[in-house]
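Have a look at the structure below before the remarks.
The values are calculated or read from the model by the stated rules, or taken from the named source; none is laboratory data. In this text the structure is predicted, and so the values were computed from the model without any measurement. Every residue, glycine among them, receives a Cβ derived from its backbone with ideal geometry; neighbour counts consider all protein chains shown. These accessible areas exclude ligands, DNA and RNA; they are computed on the full protein's heavy atoms, side chains included. Shrake-Rupley method; radii C 1.70, N 1.55, O 1.52, S 1.80 Å.
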Amino acid sequence: MPNYPDHFITSLAQDDFYRNYLEHMRDHIFRSVELLIYVFDVESEEQGNDFSQYADVIEALEQHSPDARIYVLVHKMDLVKEEIRESVFLQKQASIVAQTGGRLRLCFFQTSIWDETLYRAWSHIVYSLVPNTAFLEAQLNVFCNMCGADEVVLFESTTFLVIAHAICTPHSDIHRFEKISNIVKQFKLSCRKVQAHFEGMVVQHPRVTALFENLTRSTAIMLVSSDPKTVHSAVLSANVRRFRTKLRAKGLIE
């Protein structure tokens, strides 16, 4: 848990790589594709060439993997003035849809490295790759209620992208996952600098405690609790151990 597709292939923007993929490796690259992530530079000065390359890729995908999903990232949106950003994005989206022809499933994201949009887009993509997400989230909801937590979040342990989460107490900050991810990654980096192995962290406040622990080799779990009965980190950690045992008994983890 989770089980991702067997292979990831990254195509660089250089024309030589692009032509090699399409002309000499077409059958290999585009066969049995689960999803395609395509990035458009909103400030590109070669939009005609960009759309031409995209159309070639779509043609190959339709031929070999007609059921593939396409995630389109319209990137560097921070360079567009805020007052026209939405209209520029919608115009770009319409142009891309026209090139696609409506035959494949498309999902669009506005992204920038300077805000939470890129993290949100990648979290959505990772979430779509996880099998049985409804069952997984149902287990998290049961666990959240059982241990009296405000919220339980499951992260991928390398990128700290959100895989699934359960909320028992609503939270107003819609960007909290991105903030938490950055905090944990910075702390993990600090551990690495002093050659310490990162296993988890606890953040305590008089009114709330957040526990972050590795759940499996590929996932980490975070519990947030404001309940005085469960706010102690030892109680939260014990709950995580019980949850891990439960998942192992169901055959969801090794």
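Couple of notes before you dig in:
- Subset of the range 41-60 that is touching a Ser or Thr at 6+ places or on another chain (Cβ under 9 Å) and touching a residue at least 12 places away in the same chain (Cβ under 8 Å) - its residue that is nearest to Ser95 (Cα to Cα): Phe51
- For first residues located in the range 61-84 and in a loop (DSSP other than H, G, I, E, B), partners that are open to solvent by 80 Å² or more (accessible area, probe 1.4 Å) and acidic (Asp, Glu) and lie 6+ apart or on another chain with Cβ distances below 6 Å form the pairs Lys76/Glu43.
- A residue that is charged (D, E, K, R) and either closer than 24 Å to Glu116 by Cα or under 24 Å from the mean Cα position of the chain (by Cα) (or both) occurs somewhere in the range 193-216.
- In the range 40-49 there is no residue that is open to solvent by 30 Å² or more (accessible area, probe 1.4 Å), touching a strand residue (DSSP E or B) at 6+ places or on another chain (Cβ under 8 Å), in a helix (DSSP H, G or I) and within 17 Å of Val97 (Cβ to Cβ).
- Some residue of the range 123-130 being assigned to a loop (DSSP other than H, G, I, E, B), out of contact with any Gly (no Cβ under 8 Å at 6 or more places or on another chain) and surrounded by 14 or more Cβ atoms within 10 Å (Cβ to Cβ): yes
- Residue under evaluation Ile84, criteria (1) of a type in the set (Val, Ile, Thr); (2) open to solvent by less than 60 Å² (accessible area, probe 1.4 Å); (3) over 20 Å from Leu36 (Cβ atoms), criterion not met: (2)
- Identity of the residue in the range 214-254, open to solvent by 70 Å² or more (accessible area, probe 1.4 Å), more than 22 Å from Phe160 (Cα to Cα) and assigned to a loop (DSSP other than H, G, I, E, B), that ends up modelled with the lowest pLDDT: Lys229
- The range 131-159: number of residues that are of a type in the set (A, V, I, L, M, F, W, C) and assigned to a helix (DSSP H, G or I): 9
- Restricting the range 197-211 to residues that are open to solvent by 50 Å² or more (accessible area, probe 1.4 Å) and in a loop (DSSP other than H, G, I, E, B) leaves a set whose member that is farthest from Ala234 (Cα to Cα) is His197.
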